[in-house]
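The values are calculated or read from the model by the stated rules, or taken from the named source; none is laboratory data. Values in this document were obtained by computation on a predicted structure and should not be read as measured data.
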Amino acid sequence: MTATDLAALLSDAIADALAFPDWAGGNVDARADGLGDLSWLPAPGWMLLIDHAGNWQDAAPAATLIDVVDAAAGDWATRGVPLWTLLPQPRAAC
């Protein structure tokens, strides 16, 4: 799935990839909260790879997404559970 902005990334791409249940809500805030829950995906930890993100990075600053996943990772860290996010940067033109 190609997300064209942060809302689409959180509401569609990440929610689809992590199989968010219907009760998790569909707006950006609910999806951000869902990253701090993930009770439907029991695991000792999670790693998100957000690749091909150039489209939405042009529309919304990457720092916004970084803030969202950083907050979720911080919440998980207090519970001793890792949540890593990899956000490769596009290769600069030479």
Open item on the list: Just to check your reading of the model, which residue among 4, 78 is of a type in the set (Ser, Thr, Tyr), at pLDDT 85 or above and more than 13 Å from the chain's Cα centre (by Cα)?
Closed with: 78
Task: From 9, 38, residue being hydrophobic (A, V, I, L, M, F, W, C) and at pLDDT below 75 - done: 9
